[in-house]
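For reference, the structure is listed below as structure tokens.
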């Protein structure tokens, strides 16, 4: 037990030190704090220059709520729970394997250190994105998980910051399901993770942005604003009640598994979900909503 308490204590201390170094610009490529700010400002600028819905205000509905979610989920949530939980879960998993004289390295199918940089990044990116696509489908399929995911779908006007409006339980689910696939492809570095993470954040911001882009032929590979808006449509088509267009960064999974859906321009479609008029409007109430949900 003392070992786990030390892990939790050290996780808090290490991440707090990281946040301080980030804000004080004492980091280089791994500075997620200013990386998020720069990406957000650039995509917001693109919204202003290339607006899809020209009548949508630059400071759209719930802009400040989503901005708070963005920083809370990207930084404070890690400080409060995720880093300590992740490190403790990893140690517990290793301890359980140790009982049967195994370690996580015994399950490694790939050692990415032996691959060139570009191939290492590519494999890591593809594995991460496919696991996230599968997890996203689960969030829509099971009512228990959907009640948490409703926070993200409560957005009524799309904008870049809506990307990171989600309930704290979502990254717990995502990270839990990513752990084993990442464990069996060891050898990626912290810098690899940073490159992929910044790229995914950029595409995620663009997917939610009020931008008149679909990337041309690349729309069949990368998720984009004109595809992702249909993921947020309030009235889903018959036979697709569990959702459409589940792509996170890549759209190709939706085309492969036939979950793609873009019937026409979604510029002015209504966003949300059935019953969203009764969904809480404040951050605290939205965070508590799934915990009190009975159905």
>> Can you compute the FRET efficiency between residue 235 and residue 179 using 1/(1 + (r/R0)^6), with r the Cβ-Cβ distance and R0 = 22 Å? Round to the nearest 0.05.
In response: 0.05
> Sorted by average packing, counted as other Cβ atoms within 10 angstrom per residue and highest first, what order do 220-233, 53-66, 151-164, 250-263 take?
Replying inline: 151-164, 220-233, 250-263, 53-66
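At 0.36 nm per residue, and after removing the present C-alpha to C-alpha distance, how many nm does the segment from residue 14 to residue 258 gain when stretched out fully? Please report the intermediate quantities before stating the final value.
On the way: separation 244, 0.36 × 244 = 87.84 nm, distance 4.34 nm.
Stretched fully, the residue 14-residue 258 segment lengthens by 83.5 nm.
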> Separation between the residue 25 and residue 189 pseudo-spin-labels, each 7 Å from Cα along Cα→Cβ, expressed in nm?
Replying inline: 2.5 nm
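Among 214, 129, which comes first, second and so on when ranked by fewest other beta-carbon atoms within 10 Å?
On the way: 214 16, 129 20.
Fewest to most other Cβ atoms nearby, the residues stand as 214, 129.
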>> Taking the 0 to 90 degree range and rounding to the nearest ten, how far is the long axis of helix 283-292 tilted relative to the main principal axis of the chain, both from C-alpha atoms?
In response: 70 degrees
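Give me the Å³ per residue figure for the convex hull around the C-alpha atoms of the chain.
Numbers: hull volume 47.9 nm³, N = 295.
Measuring per residue, one finds 162 Å³ for the Cα hull of the chain.
With the contact rule set at Cα under 8 Å and sequence spacing of 6 or more, what percent relative contact order holds for the range 165-295?
Details: 105 pairs, mean separation 26.7, N = 131.
This gives 20 percent for the range 165-295.
Return a whole-number percent for the relative contact order of the chain, with Cα pairs under 8 Å and 6 or more residues apart as the contact set. It would help to have the intermediate numbers written out before the result.
Numbers: 345 pairs, mean separation 67.3, N = 295.
Over the chain, the number comes to 23 percent.
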> Per residue of the chain, what 222 nm ellipticity follows from adding -39500 (n - 2.57) for every DSSP H run with n ≥ 4, rounded to the nearest 500?
Replying inline: -17500 deg cm²/dmol
>> Rounding to the nearest 10 and keeping the result within 0 to 90°, find how far the Cα-based axis of helix 2-23 lies from the longest principal axis of the chain.
In response: 50 degrees
> So how far apart, in nm, are the two label points at residue 76 and residue 138 if each is 7 Å from Cα heading toward Cβ?
Replying inline: 2.8 nm
>> Between residue 50 and residue 288, what is the label-point separation in nm under the 7 Å Cα-to-beta-carbon projection?
In response: 4.3 nm
>> Between 0 and 90 degrees, rounded to the nearest ten: what's the tilt of helix 190-208 against the longest Cα principal axis of the chain?
In response: 10 degrees
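Bear in mind these aren't lab numbers, they're just calculated from the coordinates by the rules spelled out. This structure is a prediction, so every number in the text was calculated from the model and none was measured. With ideal geometry, Cβ positions are generated from the backbone for all residues, glycine too; neighbour counts draw on all protein chains shown.
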